[in-house]
Structures are given as C-alpha cells and as structure tokens.
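To start, the structure itself, in structure tokens.
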Amino acid sequence: MLKRFVIFLLILAGLLCLADRALATVAGNATAAEIKRHESLREDPSVRFRGFPFVTQALRGRFAAVDVTVRDLERDGVVISRIDAHLENVRVHLNEALKGRVRAVPVGKGEATVTVRYADLSSFLATRPGNIRIQSAGGKVTVSSTFGVPGFGQVVVEGTPQVKVAGSGVRVTVTDIRANGATRLSAAQAAAAGVRSSFTIPLGKLPFGIKAASARLTADALVLTATAEGFVIDVTG
C-alpha cells in the first residue's frame, strides 16, 4: 500500500510539473504576441518564463527571470538579426497576460546581446555613397570603398574597422587604409579615404529598455552587449 501511495505521489508531482510548464508556455505565448504587435516584428519573439514553480510566481505577478529572443528587427534601415535578452525581476499580472491585455511591464534590470550580421549590414551600406562594403575572410574583418585619387581616378581602398558605441548607434572608424593594386596613397589621401570609408550604424530605440554598452566584430557579425536597470516596458503603442 505504501509503495502504491509513493508511486501515486510521484505521478501527481509529474503531472503538476507538466501543468506548471504548460501554463508558463501559454503566458509566454500571450506576452510574445503583445511584444510582436508593439515592436512591429516580422515574427513572434520567443518568451520563456524561467524559474519553478511558475504558478507561484504568476500569482505574485513577479518573475525572477524572463528570457526573450527577437529576430529580424529593423531599426532605421538596419536589420538586427537577433536580440537575446535576459530580464530579471519582471512584473506581469497573469490575468492580463492570458487575456492579451499587458500594457506595461516593470523590469528590475536586464542584459542583452544584439547581433547584426554582415550580410544585413552590407544591405544597409548599399544605400550609402562611396560603395562601402564590409567583409570577413580568414578571421579578418575589413572595410573597402571607392576613393577618388588625382591621376588615377576611382580606386578601391581597404582598411581595418574599429567599432565604438556612439549614442543610439555604433560608429565604425576605418584605419590602416591602403589601396588595392599598384596605386600608392599619400598620408593625406589615406586619412581622407579613412574618413570617407567610416560610417555610423543607427540602431534607434532598442526594445526592452536596453541600451548598447559595448561593441565588437566577430567572424560573421557585429555583436553588441546591452544593459538596463530599473525601467518599464511600455506596450501600449
């Protein structure tokens, strides 16, 4: 009899865990739909309420941590491949989430990784003058553009990009400029070509109250780290 009772308790605990996760999924999907509408996203984001049990957190309307992934977000002509955000101390009323009536989400703090692929960045650069291109080969990232050199006409120059967060965007400064082929640039020409090859990537207002803190170039993308503290996600728009 005792053995059967223990088995019954184990089965019951398993069913409760499944129900708890199912409710978390439903709430996550409802919240994702609100985020998609507010941010005008192309597809539903992924919203995952972490921590167990979910029901206890939901009844309090306060969640220890929520993970959100957004894909293909466009800001000022730049397509952000994905944003992976980790939000802590998130307050969402369960009743509002299930009914799709979430209007504001207070968040204690958050951190995120923002990824802009070079392919998407190249599409943005194609709209700018100077035929600026960014490419990665053999683990080395370079920026090339066309530059007018007296006596030679338009020549292709190439340099090494340095990235830095600047306001609501990222400034890409190109240094170590050299001309492809036999053309040699003077110091003044190389400096002018570097200025012409440099550009700013506008990111606009990022979701979830996050702000870019640092930037780096990887083999295939521009990657930013972003942080925020004590903010409210407004989803009334």
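Stokes-Einstein diffusion for segment 120-202 at 25 °C, viscosity 0.890 mPa s, with a Kirkwood radius from C-alpha pairs, works out to 188 µm²/s. In a simple Cβ point-charge model (Lys, Arg +1; Asp, Glu -1; nothing else charged), segment 120-202 has a dipole of about 80 debye relative to its Cα centre.
The numbers here are math on the coordinates, done by the rules we state, and not lab data. None of these values were measured; they are calculated from a predicted model. Methodologically, a virtual Cβ is constructed for each residue, glycine included, from the backbone with ideal geometry; neighbour enumeration extends over all protein chains shown.
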